[in-house]
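Worksheet: the structure to be examined is printed underneath.
The values are calculated or read from the model by the stated rules, or taken from the named source; none is laboratory data. If you're wondering where the values come from, they're calculated on a predicted model, not measured in any experiment. Here Cβ is always computed from backbone atoms with ideal geometry, including for glycine, and neighbour counts include all displayed protein chains.
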Number of protein chains: 2
Amino acid sequence: MNILLTNDDGIQAPGLRALDKALRDAGHTVQVVAPVSEQSAVGHAVTMAMPLKVKQFRENGFCGIGVNGTPVDCVKLALAQLLEQAPDLVVSGINSGCNVGVDIIYSGTVSAATEGALMGLPALAVSLDDWNFTDASEQAAWTAEFVGRMAWGQLPAQSVLNLNFPNLPLGEAKPLTVCRQTTAAYRDWYVARKDPRGRDYYWLEGEIPREKVSPDTDRALLWDGHITLTPLRFNFTDSEMLVRLRALALR
Amino acid sequence: MNILLTNDDGIQAPGLRALDKALRDAGHTVQVVAPVSEQSAVGHAVTMAMPLKVKQFRENGFCGIGVNGTPVDCVKLALAQLLEQAPDLVVSGINSGCNVGVDIIYSGTVSAATEGALMGLPALAVSLDDWNFTDASEQAAWTAEFVGRMAWGQLPAQSVLNLNFPNLPLGEAKPLTVCRQTTAAYRDWYVARKDPRGRDYYWLEGEIPREKVSPDTDRALLWDGHITLTPLRFNFTDSEMLVRLRALALR
């Protein structure tokens, strides 16, 4: 397959580099267009007020294009301008840190895949439940094999597959489980401190509360050691509420 | 009601100022926590790598807190740290430019409302289909009246109401229509230029193609002069595909 590969950790991140190598080793054509700098938690941000610049990266067999923008910028610019041939598949990752439940809405990794899906391409987001990994070669090889055997043509339009690996050596992971996302929201708090000039500042912390996570969802299954796969779609209209709202909102 | 008001155009934007005044004139308590600078198209971005700072704005009867972050940062920080009492409702807007169809996924305005909904509050996003308005007082008064008569308690959890005004004087607008979002994607292109030092840069342009927009959707009804209202929900799992994927993805 002809694959557009991007991420949100930046073009030099080990997760992207491992996946690039594994996909090429598996015989796929890979075109990398990824952010120059880390873009975690940028969600579906798009750069409109500033121009985008690009930079070639060539080193040790790696070849890719860096963009001074967000993951969604990378996909938009690649598809509209940079690539001569439309890819068959958009892959985003491997991200440092999982993307489950409401992470999906904050995640640059998933948003890049979503942008590919909105543009009519099958799309895969890949994340590893470890913020600090340096070697994702096993997970990358597993992903490359999955990409080869998945029936991409049978997915509905504008859908994204969201793949997450547990924080375990791959040999110890439990089998792939297709599951729904958890709907539990983060419990947020801010660390409030004073800067050297005495002014307040706030730094975000948060966690998904364990007691609010159903055992059949991505977050719980990942904690339990499974590889998880969730099909996502991005039609936000609440069709059921639409009917009731006609009575509530109109006079 | 006790209302948290935010936006993505920034705390000095005329849309927010008009809505603040109209909601207070209608007897509501309004607490403004909004970005210091314009944050259009930041989507659901969250600031995690940098601390947030806040600044009081007091002028001509206006009182609010500016945050050097995104719309979602404002809602998170307000709810977790800044407000002494949880609000009854989160309102975001009035945005310069409509937020319909796939705009919903790019929009900081809608994302702020979504964050409120994820945190368990009813939420309303308000936008005007005009990038350059200076006076939204009529639309603000209409919104304040709508806020007062809407049965917020009857909305399902984690849902957002997305309200859009057409690019017309309010007296010429057609009635409120409850409708679904258009699923048509943007057609993107980039203006490619050279900077003064001869390097390429790219500037995003795009449009929703008219021929791909169904007449019963928000984009079409707004073009036709209606005020539109769409209920949104943010559970991305594709339940139908979940069943089929179990056969496709697992061996």
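Please enumerate the residues belonging to the stretch B:121-166 that are assigned to a loop (DSSP other than H, G, I, E, B) and either modelled with pLDDT of 95 or more or within 17 Å of the chain's Cα centre (by Cα) (or both). Break it down stepwise before answering.
Step one: of the stretch B:121-166, the residues assigned to a loop (DSSP other than H, G, I, E, B) are B:121-122, B:129-136, B:150-151, B:155-158, B:166.
Residues satisfying the conditions are B:121, B:122, B:129, B:130, B:131, B:132, B:133, B:135, B:136, B:158, B:166.
Out of the stretch B:167-200, which residues are farther than 25 Å from residue A:73 by Cα, more than 8 Å from chain A (Cβ to nearest Cβ) and part of a loop (DSSP other than H, G, I, E, B)? Across the stretch B:167-200, the qualifying residues are B:167, B:168, B:169, B:173. Considering the stretch A:1-45 alone, what residues qualify as being touching a residue at least 60 places away in the same chain (Cβ under 8 Å) and of a type in the set (Val, Ile, Thr)? Answer for the stretch A:1-45, where residues must be touching a residue at least 60 places away in the same chain (Cβ under 8 Å) and of a type in the set (Val, Ile, Thr): A:3, A:6, A:42. Considering only residues in the stretch B:227-251 that are among the β-branched types (Val, Ile, Thr) and under 18 Å from the mean Cα position of the chain (by Cα), the one that is nearest to residue B:112 (Cα to Cα) turns out to be B:230. Please determine whether any residue of the stretch B:54-65 is more than 7 Å from chain A (Cβ to nearest Cβ), polar (S, T, N, Q) and either crowded, with 21+ Cβ neighbours inside 10 Å or closer than 23 Å to residue A:186 by Cβ (or both). No: the stretch B:54-65 contains no residue that is more than 7 Å from chain A (Cβ to nearest Cβ), polar (S, T, N, Q) and either crowded, with 21+ Cβ neighbours inside 10 Å or closer than 23 Å to residue A:186 by Cβ (or both).
Take the conditions (1) out of contact with any helix residue (DSSP H, G or I) (no Cβ under 8 Å at 6 or more places or on another chain); (2) within 13 Å of another protein chain (Cβ to nearest Cβ); residue B:41 misses just one of them, which is (1). Taken over the stretch A:201-245, the criterion of being part of a helix (DSSP H, G or I), surrounded by 15 or more Cβ atoms within 10 Å (Cβ to Cβ) and facing another protein chain (nearest Cβ under 8 Å) is satisfied by A:241, A:242, A:244, A:245.
Scanning the stretch B:5-22 turns up at least one residue that is crowded, with 24+ Cβ neighbours inside 10 Å, touching a strand residue (DSSP E or B) at 6+ places or on another chain (Cβ under 9 Å) and over 30 Å from residue B:204 (Cβ atoms).
Restricting to the stretch A:187-226, count the residues that are within 29 Å of residue A:138 (Cβ to Cβ) and under 20 Å from the mean Cα position of the chain (by Cα).
The initial filter retains those residues of the stretch A:187-226 that are within 29 Å of residue A:138 (Cβ to Cβ), namely A:207-208, A:210, A:213-226.
Filter once more, keeping what is under 20 Å from the mean Cα position of the chain (by Cα): A:207-208, A:217-223, A:225-226.
Matching residues across the stretch A:187-226 total 11.
On the given criteria, is residue B:149 touching a helix residue (DSSP H, G or I) at 6+ places or on another chain (Cβ under 9 Å), among the basic types (Lys, Arg), free of Cβ contacts under 8 Å to residues at least 12 places away in the same chain and surrounded by fewer than 18 Cβ atoms within 10 Å (Cβ to Cβ)? Write out each step before concluding.
On the way: touching a helix residue (DSSP H, G or I) at 6+ places or on another chain (Cβ under 9 Å): yes; among the basic types (Lys, Arg): yes; free of Cβ contacts under 8 Å to residues at least 12 places away in the same chain: yes; surrounded by fewer than 18 Cβ atoms within 10 Å (Cβ to Cβ): yes.
Yes; evaluated as a whole, the condition is true for this residue.
In the set (1) without any contact (Cβ under 8 Å) to a residue 60 or more places away in the chain; (2) part of a loop (DSSP other than H, G, I, E, B); (3) touching a strand residue (DSSP E or B) at 6+ places or on another chain (Cβ under 8 Å), residue A:100 fails one condition alone, (1). Looking at residue A:36 and the list (1) over 17 Å from residue A:147 (Cβ atoms); (2) touching a Lys or Arg at 6+ places or on another chain (Cβ under 7 Å); (3) crowded, with 21+ Cβ neighbours inside 10 Å; (4) not aromatic (Phe, Trp, Tyr), which single condition is not satisfied? Failing condition for residue A:36: (3).
In this structure, is residue B:78 among the hydrophobic types (A, V, I, L, M, F, W, C), over 13 Å from the mean Cα position of the chain (by Cα), modelled with pLDDT of 90 or more and surrounded by fewer than 22 Cβ atoms within 10 Å (Cβ to Cβ)? For residue B:78, the condition - among the hydrophobic types (A, V, I, L, M, F, W, C), over 13 Å from the mean Cα position of the chain (by Cα), modelled with pLDDT of 90 or more and surrounded by fewer than 22 Cβ atoms within 10 Å (Cβ to Cβ) - is not met. For the stretch A:152-172, the set of residues classified as surrounded by 12 or more Cβ atoms within 10 Å (Cβ to Cβ) and out of contact with any helix residue (DSSP H, G or I) (no Cβ under 9 Å at 6 or more places or on another chain) consists of A:152, A:168, listed by residue number. Number of residues in the stretch A:81-94 that are closer than 20 Å to residue A:139 by Cα and either within 14 Å of another protein chain (Cβ to nearest Cβ) or at pLDDT below 90 (or both) equals 1.
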